[in-house]
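Dumping the structure here so I can ask a few things about it.
The values are calculated or read from the model by the stated rules, or taken from the named source; none is laboratory data. Not measured: the values here are computed from a predicted model. Don't worry about glycine lacking a Cβ; one is built from the backbone with ideal geometry, like all the others, and counts go over all protein chains shown.
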Amino acid sequence: MVLGICHLTIEMPEAHSLKEKRRVVRSLTERVRARFNVSIAEVADQDAWQVATVAFVCLSNSSRHVDDTMQTVIRFIEGNLQAGYLADVATEVMHLD
């Protein structure tokens, strides 16, 4: 079994309130969840209004499938950010027995 974990830091310099940031993050996570078979959530910086840290995970029996899924989700997020940009991306793949 292979587990892929990805942490994304999203900078939103145009966000002027927590409400605006949360709207962007909620919209993004709902679209990713609906389109891909991954678990995704905001995992840090909940009270910072110009930065969001989001993580998603995927599980498969194939390393290639996990890598492909993570890259596809990252590209989707990058192309669909309404008010911001990806400042940092960290991925990790774990092989579980």
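Quick one: what pairs do we get from the range 75-97, first residue within 19 Å of R23 (Cβ to Cβ) and modelled with pLDDT under 90, second among the acidic types (D, E) and assigned to a loop (DSSP other than H, G, I, E, B), C-beta under 8 Å, 6+ apart or different chains?
A83/E14; G84/E14
Please count how many residues of the range 11-36 are surrounded by fewer than 12 Cβ atoms within 10 Å (Cβ to Cβ), within 17 Å of A55 (Cα to Cα) and either of a type in the set (S, T, N, Q) or over 14 Å from the mean Cα position of the chain (by Cα) (or both).
0
Could you please find all residues in the range 75-85 being in contact with a strand residue (DSSP E or B) (Cβ under 6 Å, 6 or more places away or on another chain) and closer than 17 Å to V43 by Cβ?
Of everything in the range 75-85, just one residue is in contact with a strand residue (DSSP E or B) (Cβ under 6 Å, 6 or more places away or on another chain) and closer than 17 Å to V43 by Cβ, namely G84.
On the given criteria, is A55 assigned to a strand (DSSP E or B), loosely packed, with under 12 Cβ neighbours inside 10 Å and modelled with pLDDT of 95 or more?
Here the answer is no, as A55 does not meet what is asked.
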